[in-house]
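> This structure is in structure tokens; I'll ask about it shortly.
The values are calculated or read from the model by the stated rules, or taken from the named source; none is laboratory data. These numbers were taken from a predicted model, which means no experiment stands behind them. With ideal geometry, Cβ positions are generated from the backbone for all residues, glycine too; neighbour counts draw on all protein chains shown. For the accessible areas, the whole protein counts, side chains as well, though only heavy atoms, and no ligand, DNA or RNA atoms are used. Shrake-Rupley method; radii C 1.70, N 1.55, O 1.52, S 1.80 Å.
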Amino acid sequence: MSKQVTLTIDGKQITAPEGALIVDAAKMAGIDIPVFCHHPKLEPVGMCRMCLVEIGRPMRDRATGQIVMENGAPKIQFMPKLETSCTNRVEEGLVVLTQSEKANAGQKSTVEFLLTSHPLDCPVCDKGGECPLQNLTMAHGSSQSRFIYDEKLHLEKQVPLSELIYLDRERCIQCARCIRFQDEVAGDSVIGFDERGRSTQIVSFSEPGFDSVFSGNTTDICPVGALTTADFRFGARPWELDAQASVCSQCPVGCNTTLNTRREAKAGGNIVIKRVMPRQNEEVNEIWLCDKGRFAYHYTESKKRLTKPLTRTGKDRKVNRVSWEAATKLAGENFLKAKKNFVVLASGRLANEDLFNLKTLADQFGGKAVLYSHIGGGELTAQVGVSAGTNLGVLGSGSTIVVVASNLYEEAPIWYLRVKQAAERGATLIVMNPRETKLDKYASFVERYDYGQEIKSVQELTKKGKLGDAFMKAQNAIIIYGSEGLGVAGSASLATACAKALNETEHVGKANNGLIGVWERANDQGAWEMGFKPEDDLAAALKGKVVYIAGADPVGDDPKLAKALESADFVVVQDILENATTEIADVVLPAQTHVEREGTFTSGERRVQRFYPAVAVVGDARADYAITAQIAKHMNFIMQSANANIVFEILAETLKPFEGLTYEKLSNVRVQLPMIGRGDMYYGGTTYENTHGLGVHLSAGATRGETVRIPRAQKEALPKVKDTDLLAVPVSKLYHRGATIESAQLLNQRIGKTTVSMNFDTAEQWGVVEGAQVKVSFDGVSGEAKVKIDETVSAGVMLVPRGMGLAIREPAVAKVKL
């Protein structure tokens with residue numbers, strides 16, 4: 001606990017942490033001081049003057065420095081002028097007047113000045129109904145303006161800062177919240193002020209415009225309708241919207257979200273999602289979202305949604321719409337025939353309840369449960385992963401964070417923010433990567449290694465020297481590992497080296513210590529906890545088998561997997577969208593999206609969180625766990641399918657890490673600071689308060705006192721590359737052609753064309769230039785891509801983004817032709 005001081009605000013004696021700003025101390029005590037520029041997540045600037053108050057301080061004798069007493073109490077001296085409560089910090093004995101005649105006059109004058117050139121377009125403004133300026137005008141504004149209408153300044157109304165964010169320059173009050181967020185929180189200083197005086201305006205400095213993956217957050221904290229998203233702009237009025245708690249399904253962070261919905265005539269009277277908003281969880285995403293999580297929800301309403309069970313029969317493979325009973329019976333009969341040739345292939349797009357039923361089915365009938373993933377090592381995050389009490393938001397001096405083989409900005413943007421902020425609070429940040437990443441400038445140590453040397457670099461953490469001392473002597477240590485330039489086997493070996501370093505230095509089994517995997521999907525960690533594992537050679541694992549595929553499109557992702565499934569005896573696909581794999585399946589089963597049902601995800605930090613239904617089910621789709629249970633019934637095996645809650649109860653009774661967890665526990669909330677709520681949007685923005693659950697960490701094997709068994713780290717040899725070849729390595733890209741992203745047309749520009757990256761000298765050696773269209777071939781895969789020159793790439797190396805049409809699972813020898 002920080003030292004507390006006592007002060008008086010509006011006659012109410014309160015205590016607050018020493019050093020807290022007066023406006024924040026008042027908020028904690030239930031006293032609202034109006035603000036525009038101030039935001040509890042940003043540094044104070046005192047720009048708008050809305051929070052003017054009277055501040056009295058105990059007088060001190062100039063000679064002795066002692067407090068002057070009067071009638072047994074400290075004598076209070078007020079300054080002659082009003083002061084900003086957002087820049088002054090609390091002191092012992094301070095007296096603050098927020099509602100005095102003088103303070104009210106100052107606040108009223110501020111509103112009047114802000115309205116001198118503000119447009120009178122509340123009826124058509126997207127912010128209307130959740131607008132701080134509107135609310136504070138009603139509370140502090142005058143009923144009449146003293147300013148001449150003809151002198152109002154007229155500016156551009158629809159200025160695209162990017163394809164995602166629009167600026168209305170007339171509405172902007174120059175509070176600089178957006179600029180400060182980008183500078184202080186996001187670390188992307190891509191917008192700023194231009195001109196001066198009445199001509200001051202927000203501009204973008206980047207190309208493309210507003211080039212940041214966090215741009216949507218500026219619309220949440222904008223206190224007026226100056227910044228709006230292209231997705232929601234003129235889409236609905238805030239008071240028409242319902243709100244339901246959810247969890248983002250786009251990456252392993254597990255950001256807490258709120259889905260705003262309404263019933264729409266143009267949607268046939270159905271309830272639809274109008275926007276995705278952040279929901280406060282200070283231990284996960286605080287009050288922020290990345291743009292992918294904010295805008296990629298459109299796949300849930302895609303025209304490619306599967307709505308009815310289908311079968312393909314006969315030599316002509318005729319497609320038939322059938323009943324659920326017929327489809328699941330056909331699937332169950334073929335699964336029974338398969339015996340040990342039965343493979344369940346599932347991805348982390350599925351909920352814990354779905355994966356549990358799938359794994360149970362595979363185990364019951366001697367099948368293999370395979371995780372559709374390019375990253376290994378999850379059995380180690382289950383043993384020495386982070387657990388209860390872990391919060392990246394409290395790490396600072398005395399803590400060390402290692403990020404190896406991962407570009408967090410592209411793979412898990414909110415983790416990037418939180419690791420960056422930990423470094424700014426004093427944590428030692430060690431970044432290990434073959435190429436430059438955005439985290440480098442915040443790092444205490446940057447370790448460059450050649451692709452294939454990941455394990456050797458990690459082993460330096462346990463050797464004497466600056467790097468080793470920073471890790472071994474740390475009070476807390478967390479290693480975040482990824483799959484930059486690695487496949488399943490390579491990343492599994494890296495995870496082994498990381499786990500060994502943590503275990504040897506006793507940074508396991510306690511809060512704020514352990515291993516975190518940067519998975520590609522929201523619930524990959526949950527899949528590992530259930531017992532799913534990826535296959536190094538997935539094509540071989542599928543060939544000639546009876547395959548049950550859930551939440552994956554192997555045919556569309558990789559020609560090798562497509563060929564393997566051609567030879568499969570029988571294929572059942574359970575998914576939400578039509579894709580290349582549903583086109584070859586013998587049985588197709590339509591599944592519900594996570595916005596149509598309830599369930600849980602386990603984040604990469606091993607936090608289990610609930611999501612809730614927000615819209616009606618599309619067609620005859622069913623929850624994945626219920627579909628699996630119906631198939632099992634035809635195999636004379638009974639599984640629970642009544643609701644997700646019951647499945648989770650059985651799951652928690654079966655799996656040690658989940659022991660003791662219930663939906664009720666996952667739904668528990670507590671007071672979070674800063675206090676963000678939609679009742680006072682001028683203070684914290686339009687973020688939603690969390691009333692539906694903060695989630696609970698799973699226990700790790702090391703936390704439970706189990707013996708930690710870490711295999712020897714096997715170095716993965718890179719393929720031998722001749723001077724006439726290139727080394728193609730896989731890298732991850734935030735915006736790609738995945739099924740849950742491509743449906744969001746708004747993100748098409750961010751997804752872009754297929755590219756390969758190399759440095760200038762390598763490009764020159766191969767006779768290609770920036771933007772050239774080339775033919776790329778490696779490991780039996782070929783395709784076209786545009787060349788991108790990137791001087792951070794090593795000589796002789798070509799970066800190939802995953803999910804962009806060139807199927808790359810591990811490093812490979814490549815050739816390039818014009």
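Quick grid of which residues meet (1) open to solvent by less than 60 Å² (accessible area, probe 1.4 Å); (2) outside the structural domain of residue 748 (by TED's automatic domain parsing); (3) farther than 19 Å from residue 233 by Cα; (4) part of a helix (DSSP H, G or I):
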site	(1), (2), (3), (4)
139	no, yes, yes, yes
144	no, yes, yes, no
157	no, yes, no, no
163	yes, yes, no, no
169	yes, yes, no, no
172	yes, yes, no, no
175	yes, yes, yes, no
178	yes, yes, no, yes
183	no, yes, yes, yes
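> I've got another one for you. Check off (1) closer than 14 Å to residue 710 by Cα; (2) open to solvent by less than 10 Å² (accessible area, probe 1.4 Å); (3) small (Gly, Ala, Ser) for residue 491 and give me the number that stays unchecked.
(1)
> Give the residue, chosen from 483, 493, that is outside any loop (DSSP other than H, G, I, E, B) and of a type outside the set (A, V, I, L, M, F, W, C).
Exactly one residue qualifies, and that residue is 493.
> Which pairs have Cβ atoms under 7 Å, sit 6 or more apart or on different chains, and link a residue in the stretch 641-670 that is under 23 Å from residue 595 (Cβ atoms) to one that is surrounded by 20 or more Cβ atoms within 10 Å (Cβ to Cβ) and at pLDDT below 95?
Sorted first by the residue in the stretch 641-670, then by its partner, the pairs are 646/640; 647/640.
> Farther than 23 Å from residue 408 by Cβ and open to solvent by 10 Å² or more (accessible area, probe 1.4 Å): does that describe residue 783?
On the way: farther than 23 Å from residue 408 by Cβ: yes; open to solvent by 10 Å² or more (accessible area, probe 1.4 Å): yes.
Against the criterion (farther than 23 Å from residue 408 by Cβ and open to solvent by 10 Å² or more (accessible area, probe 1.4 Å)), residue 783 qualifies.
> Within the stretch 183-200, how many residues are at pLDDT 95 or above and among the small types (Gly, Ala, Ser)?
Total satisfying the criteria: 4.
> With the requirement that a residue be in contact with a Ser or Thr (Cβ under 9 Å, 6 or more places away or on another chain) and among the small types (Gly, Ala, Ser), what does the stretch 449-482 give you?
Within the stretch 449-482, 468, 470, 474, 477, 482 qualify.
> Considering only the stretch 69-121, how many residues are over 14 Å from residue 10 (Cα atoms), open to solvent by 30 Å² or more (accessible area, probe 1.4 Å) and assigned to a loop (DSSP other than H, G, I, E, B)?
Count: 14.
> Please specify each residue of the stretch 617-671 satisfying the condition of being among the hydrophobic types (A, V, I, L, M, F, W, C), at pLDDT 95 or above and exposed (fewer than 15 other Cβ atoms within 10 Å of the Cβ).
Listed by number, the residues that qualify are 638, 646, 669.
> Here is a check on your reading of the model: is residue 724 out of contact with any helix residue (DSSP H, G or I) (no Cβ under 9 Å at 6 or more places or on another chain), on the phi < 0 side of the Ramachandran plot, outside any strand (DSSP E or B) and at pLDDT below 95?
yes
> Do we have residue 51 as open to solvent by less than 10 Å² (accessible area, probe 1.4 Å), touching a His at 6+ places or on another chain (Cβ under 9 Å), modelled with pLDDT of 95 or more and under 22 Å from residue 687 (Cα atoms) here?
Yes; evaluated as a whole, the condition is true for this residue.
> Can you name the condition, by its number, that residue 674 falls short on among (1) open to solvent by 30 Å² or more (accessible area, probe 1.4 Å); (2) assigned to a loop (DSSP other than H, G, I, E, B); (3) modelled with pLDDT under 95; (4) not basic (Lys, Arg)?
(1)
> Does residue 12 satisfy the condition of being open to solvent by 30 Å² or more (accessible area, probe 1.4 Å) and under 21 Å from residue 676 (Cα atoms)?
no
> Select from the stretch 404-430 the residues that are open to solvent by 10 Å² or more (accessible area, probe 1.4 Å) and either within 11 Å of the chain's Cα centre (by Cα) or over 16 Å from residue 802 (Cβ atoms) (or both) and list them in ascending order.
Residues satisfying the conditions are 409, 410, 411, 421, 423, 424, 425, 426, 428.
> Now a separate question. Among (1) touching a helix residue (DSSP H, G or I) at 6+ places or on another chain (Cβ under 7 Å); (2) open to solvent by less than 20 Å² (accessible area, probe 1.4 Å), which single condition is residue 236 missing?
Result: residue 236 fails condition (1) only.
> Tell me, please, whether a residue that is at pLDDT 95 or above, of a type outside the set (S, T, N, Q), in contact with a strand residue (DSSP E or B) (Cβ under 8 Å, 6 or more places away or on another chain) and open to solvent by 10 Å² or more (accessible area, probe 1.4 Å) can be found in the stretch 29-40.
Within the stretch 29-40, not a single residue is at pLDDT 95 or above, of a type outside the set (S, T, N, Q), in contact with a strand residue (DSSP E or B) (Cβ under 8 Å, 6 or more places away or on another chain) and open to solvent by 10 Å² or more (accessible area, probe 1.4 Å).
> Could you pull out the residue among 231, 211, 291 that is within 17 Å of the chain's Cα centre (by Cα) and within 17 Å of residue 167 (Cβ to Cβ)?
291
> Related question: Which condition breaks for residue 734 when tested against (1) closer than 30 Å to residue 43 by Cβ; (2) part of a loop (DSSP other than H, G, I, E, B); (3) out of contact with any Cys (no Cβ under 9 Å at 6 or more places or on another chain)?
(3)
> Moving on. crowded, with 17+ Cβ neighbours inside 10 Å, at pLDDT below 95 and farther than 23 Å from residue 560 by Cα: which single residue out of 757, 743 fits that description?
Being crowded, with 17+ Cβ neighbours inside 10 Å, at pLDDT below 95 and farther than 23 Å from residue 560 by Cα holds for just one of 757, 743, which is 743.
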